[in-house]
1. LYS396 - would you say it is within 22 Å of LYS340 (Cβ to Cβ) and not in a loop (DSSP other than H, G, I, E, B)?
2. State the number of residues belonging to the range 114-135 that are over 20 Å from PHE282 (Cα atoms) and either hydrophobic (A, V, I, L, M, F, W, C) or open to solvent by less than 60 Å² (accessible area, probe 1.4 Å) (or both).
3. Give the number of residues within the range 193-206 that are surrounded by fewer than 24 Cβ atoms within 10 Å (Cβ to Cβ) and either touching a helix residue (DSSP H, G or I) at 6+ places or on another chain (Cβ under 6 Å) or free of Cβ contacts under 8 Å to residues at least 12 places away in the same chain (or both).
4. How about the range 410-423: which of its residues are assigned to a loop (DSSP other than H, G, I, E, B) and farther than 18 Å from ILE335 by Cα?
5. Within the set of pairs 6 or more residues apart or between chains, which connect a residue that is among the charged types (D, E, K, R) inside the range 107-120 to a residue that is part of a loop (DSSP other than H, G, I, E, B) with Cβ atoms less than 9 Å apart?
6. Would a scan of the range 286-302 turn up a residue that is modelled with pLDDT of 95 or more, open to solvent by less than 10 Å² (accessible area, probe 1.4 Å) and within 30 Å of ILE78 (Cβ to Cβ)?
7. Between a residue in the range 312-326 that is at pLDDT below 95 and any residue that is crowded, with 24+ Cβ neighbours inside 10 Å, which pairs come within a Cβ distance under 9 Å, given they are 6 or more apart or on different chains?
Amino acid sequence: MAGGDEKKSNAGGGDAKKPKAGGAKKPNVSGGGKKKEVKKETGLGLVNRKDENFGEWYSEVVVNAELIEYYDISGCYILRPWTMAIWEEMQKFFDAEIKKMDIQNCYFPLFVSPGVLQKEKDHVEGFAPEVAWVTKSGESELEVPIAIRPTSETVMYPYYSKWIRGHRDLPLKLNQWCNVVRWEFSHPTPFIRSREFLWQEGHTAFATKAEADEEVLDILELYRRIYEEYLAIPVIKGKKSELEKFAGGLYTTSVEAFVPNTGRGIQGATSHCLGQNFAKMFEINFENEKGEKGMAWQNSWAYSTRTIGVMVMVHGDDKGLVLPPKVASVQVIVIPVPYKDADTQGIYDACSATVASLTEAGIRAKADFRDNYSPGWKYSHWELKGVPLRIEIGPKDLANSQVRAVRRDNSAKTDIPRDKVVEQVKEMLDNIQQSLFDAAKQKRDACIQTVKTWDEFVEALSQRKMIFAPWCDEEEVEVDVKARTKGEMGACKSLCSPFDQPELPEGTKCFASGKPAKKWTYWGRSY
C-alpha cells in the first residue's frame with residue numbers, strides 16, 4: 001500500500017530547509033550594494049523512484065511537493081495551501097453543479113449520540129470498528145460517550161423526519177462540506193486512508209424511487225467529470241456488488257480508478273440509493289396528495305480529498321508532482337534567467353508584463369523573483385510542485401521579443417512570440433490537460449485483462465492486472481474469491497460491474513464458480 005507505515009520521508013534535501021514558494025514581489029535590481037549570494041545547491045531531487053519503490057516515492061512526493069505535512073497523531077495530516085487550492089478548484093465546480101440541481105448547503109454537528117448511531121443495525125456494524133468516541137470532559141468521565149461522525153446519515157435523518165411531513169416538503173436535498181473521522185488502524189496513507197479527511201456528503205429525500213434513481217446517476221456523472229475533466233484520470237462508472245455496497249443502503253454506484261504502478265483499483269467516489277431503509281428506521285414519512293401515508297426514498301453521495309491522492313499516484317513522476325492545469329493553483333510559473341551583464345531590469349519587467357497579460361486572460365500565473373536561488377534551482381522546485389507550464393525569459397528571449405515555454409508533463413520546449421503568449425499558453429494548457437488524460441488512459445487500459453477461467457484469473461492477478469470477468473453475481477462466490485486470493489498483497493474483490501456491459505454470449509460460465517454468468521465485472525486488489 002502506498003505510503004506504507006507512518007515513517008516520515010526526509011529525503012530530497014529536508015523539508016525544514018525548503019524555501020517558501022514563489023514570492024512574486026519584484027525586486028529592485030537597479031540599486032547598488034552587496035550582491036546577494038545565489039544558492040547553487042538544489043537538494044530537491046527525489047531519492048525514491050516511482051517504478052522501484054512506489055510507497056516511499058509517494059510519501060516523499062506528498063511532503064516535498066508541499067501537499068501535506070505529517071502530524072504528531074498517526075493517520076492525521078496537515079493539508080497545506082497547495083492541497084487546499086486543488087480541493088477548492090474541485091469544490092468550485094461541484095458546488096456550482098449541485099446548486100443547478102436545487103441542492104442546498106448546510107452544516108450538521110460533528111457529534112453523534114450513541115442511541116441515534118446504533119439505530120440502523122447494518123449501518124452501524126459497517127462503521128463500528130472505525131468510530132472514534134469522546135469519553136471524557138476534562139478529568140470527568142462522560143455519563144454517555146459521544147461518537148464523532150464517520151458519516152452523517154444518523155446525524156441528519158432524525159431531523160429529516162421532523163422537517164418532512166407532507167409531499168410539499170419533498171424533495172429535500174441537502175449537502176454539507178465537512179470533515180469526518182474514521183479511526184483507521186491499518187497502514188494510514190496520506191489522502192488515501194487517513195483518520196480525518198475532508199469531503200462533501202449529499203443527503204436527499206424523494207417521494208418516489210424513480211426520482212432517487214435518476215439523481216444517483218446524475219451525481220455519479222459529476223464525479224466522473226471531476227476525475228476525467230479536472231484530474232485527468234480515467235474512471236469506470238458502475239454498480240457495486242451486494243457485498244461491497246454501502247452498509248444499510250439499497251445499492252451503491254461508484255467511479256473506479258486504477259493505479260498501474262501498484263496494480264490496485266481505487267474507489268474514486270460513491271453515489272448510493274439508500275432505498276427506504278433509513279426512512280423506516282427514522283420514521284421519515286409523508287402524506288401524499290391523496291392523503292395517503294408514504295415513506296421517503298433516500299440517497300447519499302460523497303467524494304473526498306482521496307481524489308488528490310489518486311491524482312498524485314496516477315500522474316506523478318520521478319521529478320515529483322504533475323498537476324493537471326484545471327486544478328493547479330499556479331498554471332504557469334514565469335522565471336527570469338538573467339546572465340552576467342544582461343539587462344536584468346528589462347528581463348524582470350518582461351516577466352511582470354507576461355504574468356499581467358496571462359492573469360488578465362484568466363490564467364493562474366505568477367513570477368518567481370527570488371534572488372537568492374538560481375534559475376536551475378527554481379526549475380527543480382516548480383517541477384517538484386507540479387506546475388504545468390514554465391516560462392523562462394533570458395537575454396536572448398528579451399532581444400527576440402519572445403519567451404520560452406517548457407511543459408511539465410513531457411519537458412517539451414517552445415519559443416513563443418510575446419504578442420502570442422496568451423493565445424498559445426491557453427492552447428498548451430488545454431493540450432497538457434488532454435495529454436495527461438490520454439497517457440493515463442493508455443496505461444490503465446494496458447492493465448485491463450479479460451479472463452474466462454479461474455486459472456486465467458489467478459495468472460492476471462499475479463501480474464497486477466485489473467481483471468474483467470464474467471460472474472454469476474452470487475455473494476458467496478465473491479466471499480470465496482476473497483478467501484482464495486488472500487496473501488501478502490491482500491485479497492482480491494469485485495470493484496464494480498460497469499453500466500457499459502459488453503455482450504455476454506449465451507452459455508458463458510462464471511470464472512470462479514462455473515455457474516451461468518449474469519454480468520461482466522471488474523475485479524482486483526484495491527486500496
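1. Numbers: within 22 Å of LYS340 (Cβ to Cβ): yes; not in a loop (DSSP other than H, G, I, E, B): yes.
Yes: the conditions hold for LYS396.
2. Matching residues across the range 114-135 total 5.
3. Matching residues across the range 193-206 total 1.
4. Let us first name the residues in the range 410-423 that are assigned to a loop (DSSP other than H, G, I, E, B), namely 410-412.
Hit for the range 410-423 is ASN410, nothing else.
5. Cβ pairs passing all conditions: GLU120/ALA247; GLU120/GLY248.
6. There is at least one residue in the range 286-302 that is modelled with pLDDT of 95 or more, open to solvent by less than 10 Å² (accessible area, probe 1.4 Å) and within 30 Å of ILE78 (Cβ to Cβ).
7. none
Condition check ((1) open to solvent by less than 40 Å² (accessible area, probe 1.4 Å); (2) more than 30 Å from SER186 (Cα to Cα)) across all residues:
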site	(1), (2)
VAL422	no, yes
PHE437	yes, yes
CYS447	yes, no
TRP454	no, no
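The values are calculated or read from the model by the stated rules, or taken from the named source; none is laboratory data. These numbers were taken from a predicted model, which means no experiment stands behind them. For neighbour counting, all protein chains shown are included, and Cβ atoms are generated from backbone atoms with ideal geometry for every residue, glycine included. Heads up: the accessible areas ignore ligands, DNA and RNA and are worked out on the full protein's heavy atoms, side chains in. Shrake-Rupley method; radii C 1.70, N 1.55, O 1.52, S 1.80 Å.
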